[in-house]
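Heads up: the structure comes next, in structure tokens.
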Amino acid sequence: AAQLAQYEGDYAFSEAVVSKVYVKGGKLYFFVPGQPEYELAYIGGNSFTIKNLTGFTIRFDTDAGGKITGLTSIQPNGKFAAKRK
């Protein structure tokens, strides 16, 4: 859970759309307003798949020092970047 905590925070896709990443019950979750919360499953590096959804990956982006600066949601209809707030 301590390692998962580094990913927690608010991530802005736009001014109007801010997603949240949080740890609950020792698992990492991704939440976008208006949608259900999604449990994330670790697949390596800074990447996770969305459990029970095919073709969806969340990749956390880092700076040169390894600090999380944002995330990229990779979906069947494209890639969507969000900056960490």
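The values are calculated or read from the model by the stated rules, or taken from the named source; none is laboratory data. Not measured: the values here are computed from a predicted model. Quick reminder, even Gly has a Cβ in these numbers, built from the backbone with ideal geometry, and neighbours come from all protein chains shown. The accessibility values were calculated without ligands, DNA or RNA, using every heavy atom of the protein model including side chains. Shrake-Rupley method; radii C 1.70, N 1.55, O 1.52, S 1.80 Å.
Of note:
- Counting the residues of the range 63-85 that are touching a strand residue (DSSP E or B) at 6+ places or on another chain (Cβ under 6 Å) and touching a residue at least 12 places away in the same chain (Cβ under 8 Å) gives 13.
- For the range 1-48, a residue qualifies if it is open to solvent by 40 Å² or more (accessible area, probe 1.4 Å) and of a type in the set (Ser, Thr, Tyr), and the qualifying residues are SER14, TYR22, TYR38, TYR42.
- Enumeration of residues in the range 49-59 that are under 15 Å from THR69 (Cα atoms) and open to solvent by 60 Å² or more (accessible area, probe 1.4 Å): ARG59
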